[in-house]
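The values are calculated or read from the model by the stated rules, or taken from the named source; none is laboratory data. Note that this is a predicted model, so its numbers are computed, not measured. With ideal geometry, Cβ positions are generated from the backbone for all residues, glycine too; neighbour counts draw on all protein chains shown. The area values use the complete protein model at the heavy-atom level, side chains included, leaving out ligands, DNA and RNA. Shrake-Rupley method; radii C 1.70, N 1.55, O 1.52, S 1.80 Å.
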Amino acid sequence: RLPTLAVVGATGAVGTVMLDILSTRENVWGEIRLVASPRSAGKRLTVRGEEVEVQALAPEVFDGVDVAMFDVPDEVSKEWAPIAAERGAVAVDNSGAFRMDPDVPLVVPEVNAEKVADRPRGIISNPNCTTLSMIVAIGALHRAYRATDLVVASYQAASGAGQEGIDTLRDQVAAVAADRTLGERAGDVRSAVGELGPFPAPLAMNVVPWAGSLKEDGYSSEELKVRNESRKILDHPGLRVAATCVRVPVVTTHALSVHATFDQEVDAAKARELLASAPGVVVQDDPAAGEFPTPADVVGTDPTWVGRIRRSIDDPRSLDLFLCGDNLRKGAALNTAQIAEVVAEEFTRG
Ligand code: 2RA
């Protein structure tokens, strides 16, 4: 039988992309129920070409649901994913609430799909969008060479901070666009942009070395997520990861530069081949022709794009790479949908 799916958080930035993904991927679902906060209940949204009324989040909406996807803030998932699981649904959660719980698998289907079956709490976690934007490619290299160290710098899009992030960037860009004197004196951009929204500094005409909240030793929550989630997904607790997360004035698509070291010598041409044949990865790497991935060209696509693949000049065990991934698609909705599809097979297999 075709399983019943609930999409919780159907009206948010990721939820909106999720409805598009559910409408364009092969349909493996029977009923699809759309769920959101009571504020959005009653709205009608289109999924698979049909209008569906949004229901308010309540325990009963999970009755008869086989898989419940959550694209909601941590505190909402923390409370409601266990309720969905108690009512018999498998919860696939895109918040940070359960990612590091040892009883909750953290799944990227191209890397560790088999972990889906190992879910004692009935909850499966989807990684953070920054981790997801690199881990399919890094996982493919790790399988061949075994990684020991990752030095990561992220260039993260405004939509990682939700619809408020997108609106803030658009308002700020509009506020600075006409003044051709800005950007030459300290503080002039800050005075011109207006509201900072979810960012701690102006994002238009700027880069901001901060995403998330302050954690131990000066690291941001985002930087620790890149480290801890990479270790869990690759099943490699000893992996050394140093991350610096930076917000850039891009609407959607995270980019990362990664210096990856392995426990053996690597070869750039072989790495390019490995990446080109890895599921979910596209190599675009011809700098002489000006070809490398950029967020403006990658947004709206599904794969992880990799370019600028070089063997480190100073260490034959290291590769330098530049990666781009749509943070709302593979970084959030698409990976959640892929996990849910792996679970759906359990029902269609019988
Ligand atoms: C960000 N990683 O880009 C977050 C969103 N999940 O801010």
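Pairs are defined by a Cβ separation below 7 Å, a sequence spacing of at least 6 or placement on different chains, a first member in segment 267-295 that is closer than 22 Å to Gln156 by Cβ, and a second member that is charged (D, E, K, R) and assigned to a loop (DSSP other than H, G, I, E, B); the pairs so defined are Phe292/Asp285. For segment 289-300, the criterion of being touching a Leu at 6+ places or on another chain (Cβ under 6 Å), within 16 Å of the ligand (Cβ to nearest atom) and either at pLDDT below 95 or within 25 Å of Val207 (Cα to Cα) (or both) is satisfied by no residue at all.
Whether any residue in segment 221-232 is modelled with pLDDT of 95 or more and part of a loop (DSSP other than H, G, I, E, B) is what I want to check. No, there is no match, as no residue in segment 221-232 is modelled with pLDDT of 95 or more and part of a loop (DSSP other than H, G, I, E, B). Within segment 18-62, being of a type in the set (Val, Ile, Thr), in a helix (DSSP H, G or I) and open to solvent by 30 Å² or more (accessible area, probe 1.4 Å) holds for one residue alone: Thr24.
Reported count of residues in segment 11-39, each being farther than 10 Å from Ala333 by Cβ, touching a strand residue (DSSP E or B) at 6+ places or on another chain (Cβ under 9 Å) and without any contact (Cβ under 8 Å) to a residue 60 or more places away in the chain, is 12. For Ala340, the test of being touching a residue at least 40 places away in the same chain (Cβ under 8 Å) and either acidic (Asp, Glu) or away from the ligand (no atom under 16 Å from the Cβ) (or both) is passed.
Among the residues of segment 75-91, those that are under 23 Å from Ala13 (Cα atoms) and exposed (fewer than 14 other Cβ atoms within 10 Å of the Cβ) comprise Glu75, Glu79.
Does segment 238-250 include one or more residues that are within 13 Å of the ligand (Cβ to nearest atom), in contact with a helix residue (DSSP H, G or I) (Cβ under 9 Å, 6 or more places away or on another chain) and part of a loop (DSSP other than H, G, I, E, B)?
Yes: one or more hits.
Give the residues of segment 215-234 that are over 18 Å from the mean Cα position of the chain (by Cα), surrounded by 13 or more Cβ atoms within 10 Å (Cβ to Cβ) and of a type outside the set (Phe, Trp, Tyr), sorted by residue number. The answer is Lys215, and nothing else.
Here the condition is being more than 20 Å from Leu22 (Cα to Cα), out of contact with any helix residue (DSSP H, G or I) (no Cβ under 9 Å at 6 or more places or on another chain) and not hydrophobic (A, V, I, L, M, F, W, C); of Gly307, Gly290, it holds for Gly290 alone. Using the structure shown, decide if His259 is modelled with pLDDT of 95 or more, open to solvent by 10 Å² or more (accessible area, probe 1.4 Å) and either under 23 Å from Pro105 (Cβ atoms) or among the hydrophobic types (A, V, I, L, M, F, W, C) (or both). So His259 fails the test.
Listed here are the helices (runs of 4 or more DSSP H) enclosed by segment 123-209 that have at least 2 residues being within 16 Å of the ligand (Cβ to nearest atom) and open to solvent by less than 50 Å² (accessible area, probe 1.4 Å): 129-145, 162-177.
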